[in-house]
Amino acid sequence: MADHSAQSAPRADPHAISDDVFTVPAGVTEVIPILDFGSQYVQLIARRVRDAGVYSVLVGPDVTLEQLKKLNPTGIILSGGPSSVHDENAPQPDPRLFDLGVPVLGICYGMQVATQLLGGNVAGAHEREYGRAQIDIHETHDGLFKGLPDKTSVWMSHGDQIENLGPDFIATATTPTCPYAGVRHKTKPFHGVQFHPEVTHTPHGGDILSNFLFGVCGCHGRWTMADYLDSEGRRIKALVGDDHVVLGLSGGVDSSVVAAMLAKTIGKQLTCIFVDNGLLRKGERALVETTFRDHFDLDLRVIDAEKAFLDDLAGVTDPQQKRTLIGHRFITVFKETSEQIKSEFANKNTQIKYLAQGTLYPDVIESGQGYAGTAANIKLHHNVGGLPEQLGFDLIEPLRNLFKDEVRKLGEVLGLPHAMVWRHPFPGPGLAVRVLGEVHATQLDLVREADEILLEEIVANQLYEKTAQVFAVLLPVKAVGVMGDGRTHEQVIAIRAVESQDFMTADWARIPYDVLATISNRIINEVRGVNRVCYDISSKPPATIEWE
């Protein structure tokens, strides 16, 4: 067995992970563990598998055989990664996983390390391949490439490649410079591809993954959000019993879906706290109250804390300091409100035992709690930090196994309004990071009105669901202008609109000129104090999506 004691890219130790990482949701009968070797596309692999209706879970490359067995896998995927198999501490899987009797798919580095463990030889390629390549497929009657054309495009990204396949393998696909672009083992259920089937640049990549899931592994694709709602709802109901749950409701997609799910599952045993910090979008408070107090009929406590938040922000211009102050004030307000509610329920002989959060699967991975990713700090305003411990709560995270697109699907199953389920992301610190420089109530009103006009026109022109995020930013500068017969010296609004699949990268949206013209004219004419509008055409990277 390979030595995993000191790998080149440190990973979270799976032995230190809580047991629930290797416990699949109730009712799930088909599981595909994905060993993450550091691929930038690993979450995309997991999403593609789930999109096909099969539950996937990300684990570290040094996951033990016992932990894999606990998942009862239907198949296993080995991801790509930046390492070379010849690196001194290159990550390797437990070779015994190839004897579990379940199909294994190796992608890029995952293919290389697997073939090396199974008797092949990997070397530096004479010609490295990055980008689009044409492959010739030799087996289209069965296996990974069943039903595919003899020639097709794929997306390559590798410096090493298999040099000697060994006697136990068969080449299933080639390129002019890569003789083993696809392989399979003669006796073990292992298949490998040197390219990335999970990316959109591989046109038949979805077909290849489907062939692996349904043709090779024999999956049926029964993973649905309705089933998840049923099984997770039963789990939460059994866990909570007669106790009470409190939830910090922000009005965003994640916390709204958690609120709707718990309202359906435990009803009046849920109390939601909505903190109005004065940094919200126009109409946000009214939307939350109407949706959850009227439609879902739940116990919603709205806390007016605008003055406290704005007092904290007085004189502050540094964006990170803004975030920190807002996070601390939120915790203070939430704690005070929770203590009041606890006292109220104690008089009724009812205990508030649980705190619910809208933690998603990528948050779990990136926070170092588990599966494969390296440890990283979650921003304070996206999470309630140590509140569970500070208030003596146990934590409930109904969405911790889901990606964002799955949360949206769950919201639709729950009957949340379409506009709420598909709304664009909004930063935890709210408009405080869209007012560059010091934050005042008048500036917040100005950017709030400009943002509302922008969104009105984006929706009216059917561009909202074609863009990933659209918002207005108030710049800390003034510009000269002419309005009527007079000279003006007023403020500048920047418009930001991006397209993105995963928000890790983003490109600026090509909004039609006539729509931009209407937006600019309306903002300048209707928002008093603005005489100039700019359009941000920066991509991420190098820019970020938010300005602060």
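The values are calculated or read from the model by the stated rules, or taken from the named source; none is laboratory data. Bear in mind the structure is a predicted one, so any value in this text is a computation, not a measurement. Cβ: placed from backbone, ideal geometry, glycine included. Neighbour counts: every protein chain shown. Surface areas here come from the heavy atoms of the whole protein model, side chains and all, with no ligands, DNA or RNA. Shrake-Rupley method; radii C 1.70, N 1.55, O 1.52, S 1.80 Å.
With 209, 229 as the choices, which residue is closer than 17 Å to residue 414 by Cβ and at pLDDT 90 or above?
Values: 209 fails: closer than 17 Å to residue 414 by Cβ.
The conditions single out 229.
Which residues, counting only those in the range 305-330, are open to solvent by 20 Å² or more (accessible area, probe 1.4 Å), over 19 Å from residue 285 (Cβ atoms) and not charged (D, E, K, R)? Let's see the steps before the verdict.
Restricting attention to the range 305-330, the residues satisfying the condition of being open to solvent by 20 Å² or more (accessible area, probe 1.4 Å) are 306-308, 310-312, 314-315, 317-321, 323-325, 328-330.
Checking the rest, the ones that are also over 19 Å from residue 285 (Cβ atoms) come to 311-312, 314-315, 317-321, 323-325, 328.
Result: 314, 315, 317, 319, 320, 321, 324, 325, 328.
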Subset of the range 26-52 (residues that are assigned to a loop (DSSP other than H, G, I, E, B), of a type in the set (A, V, I, L, M) and modelled with pLDDT of 90 or more): 52
Count - residues of the range 424-451 that are assigned to a helix (DSSP H, G or I), in contact (Cβ under 8 Å) with a residue 60 or more places away in the chain and crowded, with 16+ Cβ neighbours inside 10 Å: 10
Which numbered condition residue 483 fails, given (1) in contact with a helix residue (DSSP H, G or I) (Cβ under 9 Å, 6 or more places away or on another chain); (2) more than 15 Å from residue 446 (Cβ to Cβ); (3) open to solvent by less than 50 Å² (accessible area, probe 1.4 Å); (4) at pLDDT below 95: (3)
Number of positions in the range 243-271 that are farther than 17 Å from residue 334 by Cβ and either assigned to a strand (DSSP E or B) or among the acidic types (Asp, Glu) (or both): 1
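Taking the criterion of being in a helix (DSSP H, G or I), among the polar types (S, T, N, Q) and out of contact with any strand residue (DSSP E or B) (no Cβ under 6 Å at 6 or more places or on another chain), would at least one residue in the range 272-285 satisfy it?
First, the residues of the range 272-285 that are in a helix (DSSP H, G or I): 284-285.
Narrowing the set further to residues that are among the polar types (S, T, N, Q) leaves none.
No, that holds for no residue.
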Options 435, 459, 447, 477: the member that is farther than 27 Å from residue 291 by Cβ and hydrophobic (A, V, I, L, M, F, W, C): 477
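What residue, among those in the range 452-480 that are among the β-branched types (Val, Ile, Thr) and surrounded by 12 or more Cβ atoms within 10 Å (Cβ to Cβ), is farthest from residue 280 (Cα to Cα)?
Step one: filter the range 452-480 for residues among the β-branched types (Val, Ile, Thr), giving 453, 458-459, 467, 470, 473, 477, 480.
Imposing the further condition that a residue be surrounded by 12 or more Cβ atoms within 10 Å (Cβ to Cβ) reduces the set to 453, 458-459, 467, 470, 473.
On the way: 453: 15, 458: 19, 459: 19, 467: 21, 470: 15, 473: 14 Å.
Top of the filtered list is 467.
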Neighbours by Cβ (under 6 Å, 6+ apart or cross-chain): first from the range 211-231, aromatic (Phe, Trp, Tyr); second not in a helix (DSSP H, G or I): 212/105; 223/53; 223/54; 223/55
Test for residue 326: is it out of contact with any strand residue (DSSP E or B) (no Cβ under 8 Å at 6 or more places or on another chain), assigned to a helix (DSSP H, G or I) and of a type in the set (A, V, I, L, M, F, W, C): yes
Residue tally, condition among the acidic types (Asp, Glu), open to solvent by 50 Å² or more (accessible area, probe 1.4 Å) and not in a helix (DSSP H, G or I), over the range 286-304: 2
Of residues in the range 491-525 being among the charged types (D, E, K, R) and exposed (fewer than 14 other Cβ atoms within 10 Å of the Cβ), the one nearest to the chain's Cα centre (by Cα): 507
Odd one out for residue 447, checked against (1) within 21 Å of residue 421 (Cα to Cα); (2) out of contact with any Ser or Thr (no Cβ under 7 Å at 6 or more places or on another chain): (1)
The range 254-278, residues that are surrounded by fewer than 24 Cβ atoms within 10 Å (Cβ to Cβ), farther than 22 Å from residue 305 by Cβ and among the β-branched types (Val, Ile, Thr): 265, 266
Selection from the range 296-342 of residues that are polar (S, T, N, Q) and either closer than 30 Å to residue 414 by Cβ or touching a Lys or Arg at 6+ places or on another chain (Cβ under 7 Å) (or both): 337, 338, 340
Hey, residue 492 farther than 20 Å from residue 426 by Cβ and in contact with a Cys (Cβ under 8 Å, 6 or more places away or on another chain) or not: yes
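Looking at the range 364-396, which of the residues that are modelled with pLDDT of 75 or more and crowded, with 17+ Cβ neighbours inside 10 Å is farthest from the chain's Cα centre (by Cα)?
Quick first cut of the range 364-396, residues modelled with pLDDT of 75 or more only: 393-396.
If we keep only those that are crowded, with 17+ Cβ neighbours inside 10 Å as well, we get 393, 396.
Details: 393: 26, 396: 19 Å.
Going through the qualifying residues, I end up with 393.
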When residues of the range 215-246 are limited to those that are in contact with a helix residue (DSSP H, G or I) (Cβ under 6 Å, 6 or more places away or on another chain) and of a type outside the set (Val, Ile, Thr), the one farthest from residue 145 (Cα to Cα): 244
Some residue of the range 241-255 being at pLDDT 90 or above and on the phi > 0 side of the Ramachandran plot: yes
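Do the conditions hold for residue 528, that is, is it more than 32 Å from the chain's Cα centre (by Cα) and part of a loop (DSSP other than H, G, I, E, B)? Steps first, please.
Working: more than 32 Å from the chain's Cα centre (by Cα): yes; part of a loop (DSSP other than H, G, I, E, B): yes.
Considered against the rule, which asks whether it is more than 32 Å from the chain's Cα centre (by Cα) and part of a loop (DSSP other than H, G, I, E, B), residue 528 comes out as yes.
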3 or more residues on the phi < 0 side of the Ramachandran plot, out of contact with any Ser or Thr (no Cβ under 6 Å at 6 or more places or on another chain) and open to solvent by 10 Å² or more (accessible area, probe 1.4 Å): qualifying strands (runs of 3 or more DSSP E) within the range 141-196: 151-164, 169-174
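Which of the residues that make up the range 415-435 are on the phi < 0 side of the Ramachandran plot, out of contact with any Leu (no Cβ under 7 Å at 6 or more places or on another chain) and of a type outside the set (Phe, Trp, Tyr)?
As a first pass, look at the range 415-435 and keep what is on the phi < 0 side of the Ramachandran plot: 416-429, 431-435.
With out of contact with any Leu (no Cβ under 7 Å at 6 or more places or on another chain) added as a condition, the list becomes 416-428, 433.
Selection gives 416, 417, 418, 419, 420, 421, 423, 424, 425, 427, 428, 433.
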